[in-house]
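The values are calculated or read from the model by the stated rules, or taken from the named source; none is laboratory data. Keep in mind it's a predicted model, so treat the numbers as computed, not measured. When we count neighbours, we look across all protein chains shown, and the Cβ atoms used for this are built from the backbone with ideal geometry, even at glycine. For accessibility, only protein heavy atoms count, side chains too; no ligands or nucleic acids. Shrake-Rupley method; radii C 1.70, N 1.55, O 1.52, S 1.80 Å.
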Amino acid sequence: MADRVTVIGWDGSPLTAAARGALGAATLVAGAAHHLALPEVPHAAERIRLGSVALAARRIAAHRGTAVVLADGDPGFFGVVRTLRAPEFGLEVEVVPAVSSVAAAFARAGMPWDDAQVVVAHRRTLRRAVNVCRAHTKVAVLTSPGAGPAELGLLLDGVHRTFVICEELGTEREQVTVVTSDKAADHTWRDPNVVIVIGGPVGAGEGGGWIAGRDPGAGPRGWVLPDEAYGGGLGEGETDLLRAAQLARLGPRVGDLVWDIGCGGGAFATEAARAGAAVIAVDRNPQACARTEAAARHFGVQLQIVQGTAPHVLENLPEPDVVRVGGGGAAVVSAVADRRPQRIVAHAATRDAAELVGRDLTEHGYRVECALMQSVELETRGWTETERNVAFLLSGLLPDRAP
């Protein structure tokens, strides 16, 4: 095992005395090509081009001597330190940090970033990173080959965002470009790069916040809001207790894409977005789309609203993680199940309709649960009944995509 392992962050600035000292004593140096070309790297040291960090870690673990790993930005922030410290390698490391590439990108843009979401995009996580960009107003994306600005722009089709693309930060080839998301695919971008994705109202913030990223306490308290919070006009399938049960079964979260089909007054779509998920709200009624847009604007959340009739309008939508079917019956449920989301919820007014939907979900391989929900509102002065709602709530879970 290496006698000593030092991880040095590099941001283009002159190396610190601690970094120069560690490099001068190194018998093995791992890093990208531009790191290995630094004049401070000893000529006699073994050099490893840093592609797979895991492979480099094995080489370092077997090395007899002093090792240095050079990495862009702060190596402890979505960087190599996590892999090097993994139990299977047994490496204890010292870290000399530098300005992270995210901090540098926001500095180049002249923007604060304590209110930004930060995500990593590679081929496996690209779709979830795009969903965060759909749902939030300020996101920094640490990209990778095959999951860069062009791919982000293509997957954000139909959603307007502004990209601040920072290429090769800290090098002589550094470049900062501002484009709209629909134009990002028209260019070839150099790696490494960081993309700042901006959309919707982004305020300067009076006095700043108290927590980095999205403030979980923003907006009114409650997983679901009372019907009157939406100004009336909600349908029978949008009562607050039914919405609460639907949200509990779907569990929308950051990185998910939610379809709300038959969005009505926009209550469910808004509350799924308040949970941090990306939401596409669909309705054939233009008045329903307008109400949904107004609700999203009032509560400060990002939604994509699509007017059209399901199931045909669903064909070109990006793949969902969870879906609420608020209208359209068994035909729409069947079309949704064909897309294989992890979870589906629907409701029915009669047992016959519920059985039809349940059978269809079962035939598509979903594990189905059904509950008869009844809510009764009482006037508490005289404890008299003021309103009663009854609905069959159906939920389907796809076992091979659980949880």
I need a count of the residues in the range 301-326 that are assigned to a loop (DSSP other than H, G, I, E, B), open to solvent by 60 Å² or more (accessible area, probe 1.4 Å) and touching a residue at least 24 places away in the same chain (Cβ under 8 Å). 2
Got a sec? Which of ARG190, ARG253 is open to solvent by 20 Å² or more (accessible area, probe 1.4 Å), in contact with a strand residue (DSSP E or B) (Cβ under 8 Å, 6 or more places away or on another chain) and modelled with pLDDT of 90 or more? ARG190
Search result, residues across the range 240-273 that are among the basic types (Lys, Arg) and within 24 Å of ASP157 (Cβ to Cβ): ARG253
If the requirement is being among the small types (Gly, Ala, Ser), modelled with pLDDT of 95 or more and in contact with a Pro (Cβ under 9 Å, 6 or more places away or on another chain), which of these qualifies: ALA277, ALA281? ALA277
Taking the residues in the range 108-133 that are closer than 16 Å to ARG214 by Cα and of a type in the set (S, T, N, Q) as candidates, determine which candidate is surrounded by the fewest Cβ atoms within 10 Å (Cβ to Cβ). GLN117
Before we move on, is GLU293 surrounded by fewer than 21 Cβ atoms within 10 Å (Cβ to Cβ), at pLDDT 95 or above, in contact with a strand residue (DSSP E or B) (Cβ under 8 Å, 6 or more places away or on another chain) and at negative phi? yes
Going by the conditions given, is THR188 within 26 Å of PRO75 (Cα to Cα) and of a type outside the set (D, E, K, R)? no
Checked against (1) more than 16 Å from the chain's Cα centre (by Cα); (2) at pLDDT 95 or above, GLU172 satisfies every condition except (2)
Inspect all residues belonging to the range 16-35 and state whether any of them is among the polar types (S, T, N, Q), out of contact with any strand residue (DSSP E or B) (no Cβ under 7 Å at 6 or more places or on another chain) and under 17 Å from VAL99 (Cα atoms). no
Under the condition of being out of contact with any Gly (no Cβ under 6 Å at 6 or more places or on another chain) and open to solvent by 20 Å² or more (accessible area, probe 1.4 Å), which residue from the range 337-347 is nearest to VAL159 (Cα to Cα)? ARG339
Under the condition of being of a type in the set (Val, Ile, Thr) and under 22 Å from VAL120 (Cβ atoms), which residue from the range 179-198 is farthest from the chain's Cα centre (by Cα)? THR188
Working only within the range 348-358, note down all residues that are of a type outside the set (S, T, N, Q) and either over 22 Å from HIS312 (Cα atoms) or open to solvent by less than 30 Å² (accessible area, probe 1.4 Å) (or both). ALA348, ALA349, ARG351, ASP352, ALA354, GLU355, VAL357, GLY358
Among the numbered criteria (1) within 28 Å of the chain's Cα centre (by Cα); (2) open to solvent by 40 Å² or more (accessible area, probe 1.4 Å), which single criterion is violated by SER334? (2)
All but one of (1) of a type in the set (S, T, N, Q); (2) closer than 19 Å to ALA281 by Cα; (3) open to solvent by 50 Å² or more (accessible area, probe 1.4 Å) hold for THR386, so report the exception by its number. (2)
Quick check on this structure: which one of ALA61, ALA18 is open to solvent by less than 60 Å² (accessible area, probe 1.4 Å), of a type in the set (Gly, Ala, Ser) and more than 24 Å from HIS122 (Cα to Cα)? ALA61
When every residue in the range 80-92 that is in contact (Cβ under 8 Å) with a residue 60 or more places away in the chain and open to solvent by less than 30 Å² (accessible area, probe 1.4 Å) is compared, the one nearest to ALA61 (Cα to Cα) is LEU91
Which of the residues spanning the range 218-275 are among the acidic types (Asp, Glu) and either more than 29 Å from ALA129 (Cβ to Cβ) or assigned to a loop (DSSP other than H, G, I, E, B) (or both)? ASP227, GLU228, GLU236, GLU238, ASP240, ASP256
Restricting attention to the range 241-249, does a residue exist that is farther than 30 Å from ALA32 by Cα, within 21 Å of the chain's Cα centre (by Cα), crowded, with 19+ Cβ neighbours inside 10 Å and hydrophobic (A, V, I, L, M, F, W, C)? yes
Hey, GLU88 at pLDDT 95 or above, more than 22 Å from GLY255 (Cβ to Cβ) and of a type outside the set (Lys, Arg) or not: no
